[in-house]
Structure formats: structure tokens, C-alpha cells
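Undergrad: This is the structure I want to talk about, given as C-alpha cells.
The values are calculated or read from the model by the stated rules, or taken from the named source; none is laboratory data. Please read these numbers as outputs of a predicted model, since none were measured by experiment. Cβ placement follows ideal geometry from the backbone for every residue including glycine, while neighbour counts extend to all protein chains displayed. For the accessible areas, the whole protein counts, side chains as well, though only heavy atoms, and no ligand, DNA or RNA atoms are used. Shrake-Rupley method; radii C 1.70, N 1.55, O 1.52, S 1.80 Å.
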Amino acid sequence: MKLKNKYHRLFLLTALFVFLWGMAVSETWAQDKITSPEDFFGFQLGSDRKMARWDKIVDYFYLLEKESGELKVVDMGPSTMGHPFLVVFVSSRDNLAGLARFQEMNAKISDPRGIPEAAVKEFVSKGKAVICQSMSLHATEIGGTQMAPELTYDLVSRKDEETLRILDNVIFVMIPSFNPDGQIMVTDWYRKTVGTKDEGTGLPWLYHKYAGHDNNRDGDYLNLTESVYAAEIIYREWPPQAYIDHHQMGSYGARLYVPPYCDPIRPYADPLIWREISWYGAHIAYKLEEEGKTGIINDAMFPGWGHFGWHWITPFHNIAGMLTESASVRLASPLYIHPEQLQGGSRQFPKYEAQSSFPHPWPGGWWKLRDIVEQKKIAAWALLDIAARHKDTVLWNAYLKAKRQTERGAEGRPKAYIIPQKQHDFLTAVKMINTLWQSGIEIKQALEDFSIEERMYDEGSFVISLAQPKMGLIRNLLGRTFYADNTWTRAADGTPLRPYDLATHTMSEFMGVRVDPVDITVSGDFRILEEMIPPAGKVEAGKAAYLIDGRLNAAFQAVNILLDKGLEIKRVDKQSTGLNPGDFIVNGGHEDALMEAAQKTGVHFLSLEKTPSENTHKVERMRTAMYQRYYGGNMDEGWTRLLLEMFEFPYTSIMDDEIKKGGLIKKYDVIILPDDSPGMILGEIPPRYRRYISSVPEEYRSGIGEDGMKSLKTFVKEGGTLVTFGEACLLAIDKFGLSVRDTTDRLDSKEFFCPGSTIRVSFDNTHPLAYGMPAEGLVLFRSSPVFSVTPGENNEDYKTIVRYKDKDLLQSGWLIGEEHLSGMPAMITAKHEKGKVVLIGFHAQNRCQTHGTFKLLFNALIR
């Protein structure tokens with residue numbers, strides 16, 4: 001438009017000025033109206049002796065969502081104990097408005113099979129880097145969740161170039177508390193004790209209802225509610241290109257560990273993963289150094305071969321999975337550290353002195369929660385910054401990892417794993433399939449019978465091809481794995497170094513599921529599973545009675561449901577036509593109750609023409625109790641509680657005072673001692689733990705003592721059953737004077753070493769404690785006792801239920817000194833007066849994961 005005169009020009013310039021001024025005022029007003037954490041909580045997060053509680057943190061995120069258009073809060077549902085589990089999305093307004101479109105592009109980059117490369121390049125150009133970070137999985141490691149509101153506020157309130165680049169190029173997916181229940185427990189405990197002599201002490205019980213610290217061992221089996229939510233986001237809905245889980249560690253070493261991991265690394269990840277982790281970690285360390293933070297270490301302490309918790313399993317989802325570990329304070333109370341107290345001594349960090357991965361040691365002094373908050377915020381921001389600066393590289397490499405892993409799976413051996421329909425326990429196989437589906441693995445199910453490599457497979461069998469992006473995850477979960485035995489895993493004198501958790505995490509072996517590797521491509525009529533397989537139990541038409549297959553773990557859940565309804569159930573004791581020891585029989589006339597149990601458990605009720613009149617007995621459910629202690633709780637006890645609840649076994653938790661009081665036989669038939677050291681059970685604390693014990697409030701210093709031990713002996717003497725696991729077996733052997741010894745007790749680790757491996761065994765499935773078990777199988781051996789019955793006058797009182805095979809014992813993991821296991825008892829029942837003691841040396845119920853051996857516990861809880 002042609003301006004006619006200077007007045008027109010002056011008018012338009014004035015209007016433009018007013019418009020720009022209005023925009024600036026509007027932007028300033030919008031920024032000013034965003035409430036800061038300090039204003040909302042009433043203190044700076046990370047302040048000495050201050051801790052924000054989860055309910056208030058939740059309120060703050062919802063307030064930020066109202067005040068800013070760059071935040072979206074998603075409540076995934078209630079946690080284990082009913083608190084909100086949040087996922088927070090932070091990005092630009094335009095990005096949040098188009099989340100569905102970016103989610104679709106992200107999914108196609110993560111799994112580009114069948115997509116032309118030109119289309120992928122367009123997705124890379126138009127897409128956004130997806131970065132996920134989670135906080136305070138371990139609830140006493142409070143710094144991450146305390147930092148999260150401040151990090152979020154900075155992202156939505158700052159308007160500088162760096163922040164705007166992050167918001168434009170990154171979709172930040174944050175889990176501000178991975179353990180809301182524990183966050184509330186720890187906050188309430190700290191507030192109760194602050195200002196007292198117990199200030200800064202740890203929580204006396206587990207900081208997750210079931211798992212405690214082990215909630216970071218559930219990235220594969222997804223047994224916990226919180227794990228299911230996280231898997232939905234990280235594995236299926238929003239697979240990120242990079243992920244950091246923010247943790248804390250001990251107080252007397254480096255101030256902060258950042259990526260990369262040190263050696264050894266677990267096999268089958270795409271090599272780009274390890275390069276990316278180093279790249280991200282270098283940027284994080286650089287930014288921390290730039291900000292003047294000292295005591296930062298990387299490429300040490302934490303190996304690339306760890307457990308299958310969140311930061312260690314994600315690399316096999318083609319995600320650069322990482323962690324940070326801050327030096328801890330006493331919850332929110334500061335800690336003074338003298339220079340001579342600072343130590344190295346961990347992997348590739350032999351001494352507390354400068355080295356290439358630790359160039360700037362912290363000199364000592366006061367260490368505060370605010371230090372942790374600041375360093376974690378720098379680390380979290382640095383990851384977002386590098387992803388924003390190199391968004392296209394990050395996305396293109398995500399495509400390359402998925403493409404190359406698919407090619408490796410197509411070209412390598414094996415090419416696929418087949419999970420046959422014919423299984424010892426098909427419902428457990430279905431449970432495994434559903435768990436793999438939750439992990440984002442593509443699974444096909446046969447719509448007709450098929451054959452491959454001269455083997456026939458029935459309709460309903462499953463096929464998992466390795467020609468897919470998560471090839472590395474599949475190989476680790478379904479194939480045999482052997483832990484590295486090299487210079488990274490042995491000391492200079494040849495002593496083996498204990499893995500960071502287990503030496504194998506092979507899911508099929510833990511669960512007792514048959515999986516067949518095949519070296520040729522499987523073809524036939526298949527459907528891709530689009531959802532998990534729901535329970536589909538049925539009740540056959542019949543009148544006289546119904547059979548429940550005793551080989552099924554789920555049979556015990558069905559039996560418990562029916563016993564709760566008052567139905568009478570019998571159990572088969574001797575094999576006959578169509579019946580096996582351990583099968584359950586229920587009379588007809590209760591079809592509605594049977595159908596309810598079938599639909600809930602997936603168990604089939606098979607009709608019988610008549611009720612067997614012999615070789616059966618009436619099922620009685622034992623009154624079961626399990627010992628629970630303080631001193632931070634016992635994770636094996638917590639997992640066992642969850643297992644009993646999953647299969648609907650009623651139980652009672654009993655503590656020191658009830659055991660010491662005696663009279664146990666009047667209330668209980670079975671008492672379980674989970675895996676625990678004899679000293680912790682008795683309250684006779686080993687010297688190395690006494691400094692910690694002295695900080696525990698007196699009312700939470702556990703131990704049944706000699707009085708409690710006397711009560712347990714009386715309980716068994718009067719007809720009770722004591723079931724012991726792992727190290728607790730050693731307490732029973734000693735205090736009950738059993739004619740059993742641990743044959744590996746005094747062996748050096750260079751002679752015998754088996755740190756979390758699957759070992760071949762035989763089961764005596766004619767004995768009631770092993771009803772429903774196969775004749776042969778696998779158990780999880782984790783530095784377990786190995787039994788031998790010593791000669792005596794009452795040898796007949798000892799029965800071996802599970803025995804290690806004679807040779808070729810190792811299936812997966814690491815075993816040194818096979819000869820010390822060969823042919824030895826792994827599980828024994830010992831008659832003692834009127835009762836019995838059951839010794840289960842291996843981890844039969846480990847973390848609710850070892851489904852293949854659950855029945856060894858279940859059988860002890862019914863008769």
C-alpha cells in the first residue's frame with residue numbers, strides 16, 4: 001500500500017509501537033504470573049532440613065499447567081498405595097498442541113520397518129527429540145524429586161535463546177517421582193524426626209510397599225504398578241531417544257557420577273548406544289565443570305552390564321539409558337565430610353585422587369541437599385540442551401539403531417524364538433508373552449499348526465522374530481546369556497568381581513517357559529498381537545466333578561478363590577488315567593463360582609465323569625505367617641508378600657514381639673523366614689553394620705533373639721512347618737541342630753562362585769512339596785547355600801526335594817567350580833519332632849520373577 005503522506009506513516013508507526021509494546025507487556029505479565037517454587041512451597045527447594053511432600057508437588061505441577069501453556073500433566077493412575085503417578089510433558093505451545101502428530105512420527109522413527117528412507121528423513125526434519133528423565137525411584141534419594149519443580153519452572157518461565165531452543169526442539173517427558181508412596185513415607189518420617197536425635201535416619205521399613213530398593217529391578221517383569229505406568233510411556237507410547245534416571249549414592253566418594261558407564265558392557269545393544277551415552281555424558285560433565293561443580297566422575301563405578309532396572313534395560317530398547325548418582329546427605333540434613341574420609345575403591349576409581357574421568361576432586365566440607373538439587377538440575381538441563389542443539393542427529397541415529405538392529409536380527413542366528421503352545425504351564429507362558437508385549441516387542445501367534453526344522457507346533461504357539469528393532473532386548477530375555485569373564489570382571493589376583501546384581505536376566509529360564517531358538521525364517525499364517533492376551537479360562541460342560549491342572553501356577557489362585565467361597569477341593573496323590581499328582585478336583589454344582597475363577601485366572605475346569613474315590617485328599621489351606629523386620633525392611637519379605645497377594649494366599653505378617661511371646665501353633669501352621677542373614681533375624685548385627693545400627697531409633701532395632709528362636713523351635717516341635725529361604729536356611733540348620741551343612745561355606749570365590757545364574761536341577765515331583773513340577777528344570781542360584789545331609793541316626797527324616805544335576809549345570813550366567821554343586825541337594829525337608837523345617841537354598845520366589853519355582857512355596861502352604 002502506498003502511503004500518501006507523513007501523517008499516515010506516523011499513524012502506522014505509532015500503531016506498530018503500541019502493538020509491540022503490548023506484546024512485550026503481555027509476555028512480561030505472562031512470565032510474572034508463573035508462580036515460582038520458592039513462592040509456592042515457602043522455601044527454596046533443597047534448603048537445609050526442608051522437604052516438599054508429594055501431594056504439594058502434585059498441586060504445584062497442576063498450578064504450572066494452568067499458568068503456562070508449555071506444560072501438560074498426565075495422571076497415569078493410582079500408585080501401589082493410591083497416590084497419583086504423574087507424567088509431565090514440557091515443550092512449546094505448538095508442540096503440545098500437536099502431540100499426537102509428533103507421537104506418530106516418533107513411533108515411525110523408532111520402528112521404521114516398511115517405511116521409505118525419504119519418509120524417515122521428513123520425520124527427522126519435522127519431528128522433535130523425545131527426552132525422558134525420572135526422579136527419585138529410590139525414595140530416600142530425595143534430590144531428584146526436590147529438583148523437578150525447579151527444573152520445570154525454569155523451562156516454562158525463562159525466555160532466553162537456550163530455553164526456547166529446548167522447548168522448540170524437544171518434547172521433555174518427565175516422571176517427577178517414580179515412587180510417590182515412598183516419597184510420602186520418607187517426607188513424613190523426616191518431618192517427624194527433624195530436630196530430634198533421630199534426624200536424618202533412614203526409614204525403618206521398606207520405602208516401597210513391596211520392593212523397597214528393588215523397585216529398580218523391575219524394568220523387565222513389570223510386577224509393580226509404577227513399573228507398568230513407566231513401561232507404557234517409555235517402551236510403547238513415547239519411546240525416548242535418551243533417558244536419565246536420577247539417583248543418589250553413598251556420601252564419602254565422588255560428588256556426582258554421570259555417564260558413561262564403565263566396562264564391562266552387556267552384549268546385543270547397537271554400538272551407537274554406547275557412543276551416544278558417552279556423548280551425552282561428556283556434555284553433562286562439561287556443563288557441570290563449566291558451572292564450577294567439583295567432584296564429578298564418569299566412566300567409572302557403574303558398569304555397562306548391570307541389572308535390568310530402568311536405566312540399564314533401556315539401551316536394549318534402543319534408548320540411550322543413563323543414570324546420575326549424587327553423593328547423599330542425611331535425607332535433607334547437611335553432612336560435614338573431612339578430606340581424609342573421602343575414598344575411591346570402586347570400579348575404575350581406585351583412589352580418591354584426580355584421574356582423567358575425575359579431574360577435579362571435591363576437597364571436603366559441608367555437603368547439602370541444595371548441592372544435590374543444583375548439580376542434578378545442571379545435569380538434567382544439559383541433556384535437554386544437547387538434544388535440542390542436535391535434534392536431527394538424535395532422531396536420525398534413533399532411526400539408524402532401529403534399522404541396524406532389525407538387519408542384525410534378520411541376518412544373524414537365531415532368527416526367531418518360538419514359544420510352543422504345548423508348555424508345562426501354558427498360562428505362565430502367556431504371562432511371559434504379555435510382559436514382552438508391554439515392553440514393545442512384536443509377537444505373532446499362529447492361526448494354524450506349522451512346522452519348522454522338522455518340529456511341529458500347534459495353533460496358538462507364539463513366534464518372536466529377531467528382525468525387529470528390539471532385537472537386543474529379545475536376545476537378552478529369551479536366549480542363553482553368559483556373563484563376561486575377563487580382565488574387567490576379575491581382580492588382578494584372579495578373584496571374580498561380583499556383577500552389579502545378577503549374572504543373567506533370562507526371562508524364559510526364570511519363568512520355566514520353553515523357548516525354541518530357530519535359525520531359519522518362520523513362515524505361516526500368523527496374527528500380530530495388538531493387545532495383551534486376557535485370561536480365557538472355561539468350564540467344560542459336566543456334572544460330577546472338575547479337574548484343575550496342578551502344573552499351573554494359576555491353579556493355586558483358582559483354588560484360593562474357591563476355598564474363600566467355601567467349596568471343598570481335593571488333591572490327587574497318585575498318578576492314574578488322566579490324573580497326575582498335584583491335580584485339584586472340585587465337585588460339580590458350583591459352576592457359577594468356577595466360571596468366576598476361570599475368567600479371573602485363565603484356568604480351565606475340565607469335566608470328569610466321576611469323582612475319584614481313592615488316592616486323593618481334602619485340601620486344607622495352612623494358616624500362614626511371615627516374619628517381617630525393621631532396619632529398613634527386607635526386600636525378599638516384601639516381594640514374597642506381593643507374590644502371596646498375587647495368587648490370593650491369605651497370610652499374616654508377624655514381628656519380633658509376637659514371635660517372642662510364643663504360642664505360635666495356636667494361630668499358625670506355617671511360618672516363612674524370607675532370605676535374610678541369621679544376624680539380622682536374631683538381632684545379632686555383624687560389626688560392619690554397627691555404625692549404621694547405632695543410628696537406628698531404638699524402637700526399630702529388630703531381632704527375635706534367643707527367646708524368639710525358642711518360640712520357633714516350640715512351634716515346629718508342636719507340629720508347625722518352618723519354611724526358610726536362602727541365608728535364613730543357615731539359621732534353621734544351626735539353631736535346630738539339623739544334620740545338614742552348607743558345603744560351600746568356606747570356599748574361596750576363586751574355587752566356587754555363582755552370582756545369580758540359572759542352574760539345572762531335578763525335582764522329585766512325587767513329593768507333595770514338588771507336586772506339579774516337571775521332572776527337570778532350572779533354579780536361580782544367587783550365592784545360595786548348597787546342602788549336604790551329614791550322616792546320623794535319623795537319615796530317613798531328611799528328604800531331598802530338589803537336587804542339582806551331575807554335570808553341565810550352567811544354563812545362563814556365571815559359574816566357577818561346578819564340581820561343588822554337582823549332585824548336591826538344593827531343597828530339603830527335615831522332620832523335627834511333630835513338625836518339619838523346609839530348606840530352600842535357591843531363590844525360588846525371587847522378586848516375583850522366578851515363576852518356574854513358585855509352586856515349591858505354594859505347595860508348602862496347603863496340604
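Undergrad: Given the conditions (1) modelled with pLDDT of 95 or more; (2) assigned to a loop (DSSP other than H, G, I, E, B); (3) open to solvent by less than 40 Å² (accessible area, probe 1.4 Å); (4) closer than 26 Å to I704 by Cβ, which single one is not true for Y631?
TA: (1)
Undergrad: From (1) touching a residue at least 40 places away in the same chain (Cβ under 8 Å); (2) in a loop (DSSP other than H, G, I, E, B); (3) open to solvent by 10 Å² or more (accessible area, probe 1.4 Å), pick out the condition that doesn't hold for A139.
TA: (3)
Undergrad: A follow-up question, please. Name the single residue, out of those in the range 612-628 being in a loop (DSSP other than H, G, I, E, B) and open to solvent by 60 Å² or more (accessible area, probe 1.4 Å), that is farthest from G582 (Cα to Cα).
TA: The residue in question is R623.
Undergrad: Can I ask one more? Under 6 Å between Cβ atoms, at least 6 apart or on separate chains: pull out the pairs that start in the range 640-658 with a residue that is in contact (Cβ under 8 Å) with a residue 24 or more places away in the chain and over 17 Å from K209 (Cα atoms) and end on any residue that is of a type in the set (G, A, S) and open to solvent by less than 20 Å² (accessible area, probe 1.4 Å).
TA: Note: pairs meeting the criteria are D656/S702.
Undergrad: Residue under question is D707, and the condition is that it be assigned to a loop (DSSP other than H, G, I, E, B) and open to solvent by 10 Å² or more (accessible area, probe 1.4 Å); does it hold?
TA: It is false that D707 is assigned to a loop (DSSP other than H, G, I, E, B) and open to solvent by 10 Å² or more (accessible area, probe 1.4 Å).
Undergrad: Could you pull out the residue among P204, P267 that is under 21 Å from K401 (Cα atoms) and assigned to a loop (DSSP other than H, G, I, E, B)?
TA: Only one candidate passes the filter, namely P267.
Undergrad: Checking the condition surrounded by 24 or more Cβ atoms within 10 Å (Cβ to Cβ), modelled with pLDDT of 95 or more and under 15 Å from A387 (Cα atoms), which residue from F178, F172 passes?
TA: F172
Undergrad: Further question on the same structure: Take the range 270-309 and flag every residue that is outside any loop (DSSP other than H, G, I, E, B), under 15 Å from A398 (Cβ atoms), of a type outside the set (F, W, Y) and open to solvent by less than 40 Å² (accessible area, probe 1.4 Å).
TA: The answer is L272, I273, E276, I277.
Undergrad: Tell me, please, whether a residue that is under 30 Å from D245 (Cα atoms), among the hydrophobic types (A, V, I, L, M, F, W, C), buried (at least 19 other Cβ atoms within 10 Å of the Cβ) and modelled with pLDDT of 95 or more can be found in the range 456-464.
TA: yes
Undergrad: Further, regarding this structure: I'd like to know if the range 388-396 contains one or more residues that are surrounded by fewer than 21 Cβ atoms within 10 Å (Cβ to Cβ), of a type in the set (V, I, T) and in contact with a strand residue (DSSP E or B) (Cβ under 6 Å, 6 or more places away or on another chain).
TA: Taking every residue of the range 388-396 in turn, none turns out to be surrounded by fewer than 21 Cβ atoms within 10 Å (Cβ to Cβ), of a type in the set (V, I, T) and in contact with a strand residue (DSSP E or B) (Cβ under 6 Å, 6 or more places away or on another chain).
Undergrad: In addition: Identify, by number, the condition in (1) at positive phi; (2) touching a residue at least 12 places away in the same chain (Cβ under 8 Å); (3) of a type in the set (G, A, S); (4) not in a strand (DSSP E or B) that G737 doesn't meet.
TA: Evaluating G737 over (1) at positive phi; (2) touching a residue at least 12 places away in the same chain (Cβ under 8 Å); (3) of a type in the set (G, A, S); (4) not in a strand (DSSP E or B) leaves (2) as the failure.
Undergrad: Now for a different question. Consider the range 476-512. How many of its residues are charged (D, E, K, R), part of a loop (DSSP other than H, G, I, E, B) and crowded, with 21+ Cβ neighbours inside 10 Å?
TA: So the count comes out to 0.
Undergrad: Here's a check for you: in the range 786-808, which residue that is in a strand (DSSP E or B) and open to solvent by less than 40 Å² (accessible area, probe 1.4 Å) is nearest to G726 (Cα to Cα)?
TA: Within the range 786-808, the match that is nearest to G726 (Cα to Cα) is F787.
Undergrad: Where the second residue is surrounded by fewer than 22 Cβ atoms within 10 Å (Cβ to Cβ) and not small (G, A, S) and the first is free of Cβ contacts under 8 Å to residues at least 40 places away in the same chain and in a loop (DSSP other than H, G, I, E, B) and lies in the range 237-261, which pairs have Cβ atoms under 9 Å and are six or more apart or on separate chains?
TA: Short answer, once both residue conditions are applied: none.
Undergrad: Related question: Can you name the condition, by its number, that S757 falls short on among (1) open to solvent by less than 10 Å² (accessible area, probe 1.4 Å); (2) in a helix (DSSP H, G or I); (3) over 30 Å from I548 (Cβ atoms); (4) not β-branched (V, I, T)?
TA: Answer for S757: the failing condition is (2).
Undergrad: In the range 365-387, which residues are open to solvent by less than 20 Å² (accessible area, probe 1.4 Å), under 17 Å from I171 (Cβ atoms) and in contact with an Asp or Glu (Cβ under 9 Å, 6 or more places away or on another chain)?
TA: Of everything in the range 365-387, just one residue is open to solvent by less than 20 Å² (accessible area, probe 1.4 Å), under 17 Å from I171 (Cβ atoms) and in contact with an Asp or Glu (Cβ under 9 Å, 6 or more places away or on another chain), namely D385.
Undergrad: Between G632, G638, which is on the phi > 0 side of the Ramachandran plot and not basic (K, R)?
TA: After applying the criteria, what remains is G632.
Undergrad: Could you tell me which residue of the range 530-585 is farthest from the chain's Cα centre (by Cα), considering only residues that are assigned to a loop (DSSP other than H, G, I, E, B) and polar (S, T, N, Q)?
TA: Step by step, filter the range 530-585, then rank; the result is T577.
Undergrad: Out of (1) part of a helix (DSSP H, G or I); (2) under 27 Å from F426 (Cβ atoms), the odd one out for L778 is which?
TA: (1)
Undergrad: Report, ordered by the first and then the second residue, all pairs with beta carbons closer than 7 Å, sequence separation of six or more or different chains, a first member in the range 593-609 that is of a type in the set (V, I, T), and a second member that is outside any helix (DSSP H, G or I).
TA: Listed by first residue and then by second, the contacts come to T601/P535; T601/G537; V603/G537; V603/I548; V603/L552.
Undergrad: Scanning the range 710-744 for residues that are β-branched (V, I, T) and over 25 Å from N846 (Cβ atoms), which turns out least open to solvent (accessible area, probe 1.4 Å)?
TA: So, considering only residues that are β-branched (V, I, T) and over 25 Å from N846 (Cβ atoms), the one least open to solvent (accessible area, probe 1.4 Å) is V716.
Undergrad: Exactly one condition in (1) closer than 25 Å to S36 by Cβ; (2) part of a helix (DSSP H, G or I); (3) of a type outside the set (S, T, Y) is false for K192; which is it?
TA: Single failed check for K192: (1).
Undergrad: It is to be established whether one or more residues within the range 816-833 are at pLDDT below 95 and farther than 30 Å from L224 by Cβ.
TA: Checked the range 816-833: no residue is at pLDDT below 95 and farther than 30 Å from L224 by Cβ.
Undergrad: Ok, one more. Residue check: is L473 within 18 Å of the chain's Cα centre (by Cα) and buried (at least 17 other Cβ atoms within 10 Å of the Cβ)?
TA: yes
Matching residues to (1) over 21 Å from D734 (Cα atoms); (2) more than 27 Å from the chain's Cα centre (by Cα); (3) not in a loop (DSSP other than H, G, I, E, B):
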site: K610; (1), (2), (3): yes, yes, no
site: F649; (1), (2), (3): yes, no, no
site: D676; (1), (2), (3): no, no, no
site: I685; (1), (2), (3): no, yes, no
site: R688; (1), (2), (3): yes, yes, yes
site: Y692; (1), (2), (3): yes, no, yes
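Undergrad: Still on this model: Out of the range 181-203, which residues are open to solvent by less than 30 Å² (accessible area, probe 1.4 Å) and of a type outside the set (A, V, I, L, M, F, W, C)?
TA: D181, G182, Q183, T187, Y190, T193, D198, E199, G200, T201
Undergrad: Let me ask something else about it. Out of the range 164-189, which residues are of a type in the set (A, V, I, L, M, F, W, C) and in a helix (DSSP H, G or I)?
TA: If the condition is that a residue be of a type in the set (A, V, I, L, M, F, W, C) and in a helix (DSSP H, G or I), then L164, I166, L167, I184, M185, V186, W189 are the ones that fit.
Undergrad: Now for a different question. Would you say A416 is open to solvent by less than 30 Å² (accessible area, probe 1.4 Å), in contact with a helix residue (DSSP H, G or I) (Cβ under 9 Å, 6 or more places away or on another chain) and either under 30 Å from R158 (Cα atoms) or aromatic (F, W, Y) (or both)?
TA: In short, no.
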